[in-house]
Amino acid sequence: MNLLATYGVLGLLLCATASADVITNGLSMSDVQKAMEAAHYRQTRLDITADKLSEDLQFWDVDQGVLILRFTRGTSLVLGMTYFLCDERPKALRKTFQFEVLSFDSGTGAMTIKPSTNQLITPSERSEITAIVRQLTGQNKDANILSIRRKSIDTVKVRTLKTEGSGLYFILQRTNGVWEVIKRGSWVE
């Protein structure tokens, strides 16, 4: 009888660990969907789009934030994950935090994150970058900047809007305190 009880407990433990999927880069989105739904997470929406046409995003409510999964449209494999948190102030005053997620265990809720301590653009950097983009686009007043994203401690990507659904992008790198354009191009949605 004790042996039967031991096997029963062992079986329950094995089933519990088998159903708790760890989500990492390279996992298929169908497996992600099954794991998240099995763990009773809800899909949600954010006003964010993928940077590339070949990619898409999926959003899941996790604790007090949102787990954002970036995946390829063709193969539906996870390319990256971000955990997005923000406070409840109005959008203009809100503080937001984004963390790169290395893995997420949907069964336990354990998340391995890599904090990006240098991701915020300071007001002085924003002003310098805006002035440069105004010069590059030939616009005196408003450079129609959609986003400024830090790629590394000294590199940023700036997206501007030319017409609805298209625009220019610039990758700027700071060397010895001076911003230089290292790449430029156009984007279309």
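Taking the square root of 5 times each eigenvalue of the Cα gyration tensor, what semi-axes in Å does the equivalent ellipsoid of the stretch 123-188 have, largest first?
One finds semi-axes of 19, 13, 10 Å for the stretch 123-188.
Under 5 Å between amide hydrogens, which residues at least 5 positions from A50 or on another chain qualify, with H placed 1.01 Å from N in the peptide plane?
L57
Give me the one-decimal nm value for the distance between modelled label points at N144 and R42, 7 Å along each residue's Cα-to-Cβ direction.
Rounded to a tenth, the inter-label distance reads 3.8 nm.
What Kirkwood radius, in Å to one decimal, follows from the Cα pairs of the stretch 42-189?
About 17.1 Å for the stretch 42-189.
Over 25 Å between Cα atoms: which of K91/K157; K52/K162; K162/K183; K91/K183 fall into that group?
With Cα atoms farther than 25 Å apart: K91/K183.
Could you size up the charge dipole of the stretch 19-115 around its Cα centre, putting +1 on the beta carbon of Lys and Arg and -1 on that of Asp and Glu, and report it in debye to the nearest 20?
In debye, rounded to 20, the stretch 19-115 gives about 300.
A short reminder: the numbers here are calculations on the coordinates, not readings from a lab. Only a predicted model underlies this, so the values are computations on that prediction, with no experimental measurement involved. Methodologically, a virtual Cβ is constructed for each residue, glycine included, from the backbone with ideal geometry; neighbour enumeration extends over all protein chains shown.
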